[in-house]
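A.B. asks: My questions all concern the structure below.
Here, each number is a calculation from the coordinates, and none is a lab measurement. Model, not experiment: these values are computed from the prediction. FYI the Cβ positions are ideal-geometry reconstructions off the backbone, even for glycines, and counts take in every protein chain you see.
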Amino acid sequence: MFRIELLPAAHGDALWIEYGSQKSPHRIVIDGGPASTYERGLRQRILSLPKSDRRVDLFVVTHIDSDHIDGAIILLREARALGLTLGEVWFNAWDQIAPVGVPTFEPIQGEFLSALLDGAAMRNRWTTI
């Protein structure tokens, strides 16, 4: 089985991928869409899963534009309340990017997501390479 769902994300992106066994699929989520679509998109898709199966094996945040990262920030903030378990998270923040030239600052959304991932609950899930 291999399925890709394009979740409601207006002008952004939120992809839900399942593959493998239908009884126990592997799940990948790519981006969270903008904040305005999170409730009816990614959040509703997670809530559609049985409570005992609310897990995502890999969560990828491709870049810091708000139409990709805002829903991801909301998801990480409420993952525990949703009963969601995350396997790995792929997101390149300052600690994962080699310095090049003059230091710059990333938009505030990237800083928010980095802080959520650096918390004790997520630290061992955040890919460091």
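A.B. asks: Would you kindly calculate the mean projected area, averaged across all directions, of the convex hull enclosing the Cα atoms of the stretch 2-117, in square nanometres?
C.D. replies: Numbers: hull surface 30.2 nm².
Averaging across all directions leaves 7.6 nm² for the Cα convex hull.
A.B. asks: Can you give the FRET efficiency to the nearest 0.05 for Asn92 and Ser21, using r as the Cβ-Cβ distance and R₀ = 30 Å? List each step's numbers first, then the result.
C.D. replies: Working: r = 31 Å, r/R0 = 1.03.
It comes to 0.45.
A.B. asks: Can you order the peptides 73-83, 20-30, 57-67 by their average number of other Cβ atoms within 10 Å per residue, highest first?
C.D. replies: On the way: 73-83: 16.2, 20-30: 14.5, 57-67: 18.8.
The packing order, highest mean first, is 57-67, 73-83, 20-30.
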